[in-house]
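Asks: One structure, pasted below without further comment.
The values are calculated or read from the model by the stated rules, or taken from the named source; none is laboratory data. What you see is a predicted model, and the numbers here were worked out from it, not measured in a lab. Don't worry about glycine lacking a Cβ; one is built from the backbone with ideal geometry, like all the others, and counts go over all protein chains shown. Note: areas computed on protein heavy atoms with side chains; ligands, DNA, RNA excluded. Shrake-Rupley method; radii C 1.70, N 1.55, O 1.52, S 1.80 Å.
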Amino acid sequence: MTPEENEILSRTGANSPLGKVMRRYWLPALLSRELAKDGEPLRLRLLGENLIAFRDSSGRVGLFDEHCRHRGTSFYWGNNENNGLRCWYHGWKFDVEGNCLEIPNDPNGERLRERVRQKCYPSIERGGVVFTYMGPRELAPAFPELEWANLPEGHVYVSKRLQECHWLQGLEGDIDSSHIGFLHGMQTMSQATEYDMGEQA
């Protein structure tokens, strides 16, 4: 692979070729159990974007661009209350769909809030996982009915891990069957060879 091909395949920003492709699928974003109703917002990074997740008073999950539409303050410090996330800087409040609910510090706030939206992504919960779609809304596919995601609670266990690599390196490791015996085996190759030679003697 050339350096140019590697660059194309490894970048997932919104305007990169592969980033546009990956945004056309429902992606696992976080575990359901990481969010409590009206609990603290959670920071996450997905396809190169810094996001904030929260669960509102009704149990719905919101997935926002990290920074408030108004002054760019991080919603990580926001107040999750009464079915919305309130920016801690000026108090602007948004629901899980990015609709502005309140602008308390402006006399024209009632009229202004109709024109303001927070960038957000739709989410669906299945099997203890919050999935999101980050592509154009009008092109969103139906959610794939994954068998494990439709099992009753208690019949499925989900977990996550952090890999310090980009997505392609992770995929290469998953499909590379040659390394399994060396890296994940119970014995090193030299131990196995010594064992085999001993058995033959």
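Asks: Going by the structure shown, is R33 out of contact with any strand residue (DSSP E or B) (no Cβ under 8 Å at 6 or more places or on another chain) and under 27 Å from E164 (Cβ atoms)?
Replies: yes
Asks: For the stretch 97-106, name all the residues that are over 14 Å from G78 (Cβ atoms), acidic (D, E) and touching a Gly at 6+ places or on another chain (Cβ under 9 Å).
Replies: Across the stretch 97-106, the qualifying residue is only E97.
Asks: Another one. Residues being surrounded by fewer than 19 Cβ atoms within 10 Å (Cβ to Cβ) and among the β-branched types (V, I, T): count how many of those fall in the stretch 97-110.
Replies: Residues that pass the stated criteria total 0.
Asks: Any idea how many residues of the stretch 45-56 are open to solvent by 10 Å² or more (accessible area, probe 1.4 Å) and among the aliphatic types (A, V, I, L, M)?
Replies: Within the stretch 45-56, residues that are open to solvent by 10 Å² or more (accessible area, probe 1.4 Å) and among the aliphatic types (A, V, I, L, M) number 2.
Asks: Then there's this: Contact list please: Cβ distance under 6 Å, first residue in the stretch 101-125 and among the hydroxyl-bearing types (S, T, Y), second residue outside any strand (DSSP E or B), pairs at least six apart or on different chains.
Replies: Hits for this filter: Y121/M134.
Asks: Looking at R113, R117, R126 in this structure, which one is touching a helix residue (DSSP H, G or I) at 6+ places or on another chain (Cβ under 6 Å) and among the charged types (D, E, K, R)?
Replies: So the residue among R113, R117, R126 that is touching a helix residue (DSSP H, G or I) at 6+ places or on another chain (Cβ under 6 Å) and among the charged types (D, E, K, R) is R126.
Every residue, every condition in (1) of a type outside the set (A, V, I, L, M, F, W, C); (2) open to solvent by 50 Å² or more (accessible area, probe 1.4 Å); (3) within 14 Å of the chain's Cα centre (by Cα), yes or no:
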residue	(1), (2), (3)
A29	no, no, yes
E34	yes, yes, yes
R43	yes, yes, yes
S58	yes, yes, no
R69	yes, yes, no
G72	yes, no, no
G78	yes, no, no
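Asks: For the stretch 143-188, name all the residues that are under 22 Å from G13 (Cα atoms), assigned to a loop (DSSP other than H, G, I, E, B), without any contact (Cβ under 8 Å) to a residue 40 or more places away in the chain and of a type outside the set (A, V, I, L, M, F, W, C).
Replies: Listed by number, the residues that qualify are R161, Q163, E164.
Asks: Right, here's the next one. Return the residue satisfying two criteria in turn: it lies in the stretch 1-27 and is among the hydrophobic types (A, V, I, L, M, F, W, C) and within 30 Å of E153 (Cα to Cα), and of such residues it is surrounded by the most Cβ atoms within 10 Å (Cβ to Cβ).
Replies: W26
Asks: When you go through (1) over 23 Å from N79 (Cβ atoms); (2) among the aromatic types (F, W, Y); (3) open to solvent by less than 50 Å² (accessible area, probe 1.4 Å) one by one for F94, which number turns out not to apply?
Replies: (1)
Asks: Among the listed residues R137, R117, R113, which satisfies the condition of being of a type in the set (D, E, K, R), loosely packed, with under 11 Cβ neighbours inside 10 Å and under 26 Å from E49 (Cα atoms)?
Replies: Exactly one of R137, R117, R113 is of a type in the set (D, E, K, R), loosely packed, with under 11 Cβ neighbours inside 10 Å and under 26 Å from E49 (Cα atoms), namely R137.
Asks: Of the conditions (1) modelled with pLDDT under 90; (2) open to solvent by 100 Å² or more (accessible area, probe 1.4 Å), S177 satisfies every one except a single condition; which number is it?
Replies: In the conditions (1) modelled with pLDDT under 90; (2) open to solvent by 100 Å² or more (accessible area, probe 1.4 Å), S177 misses (2) alone.
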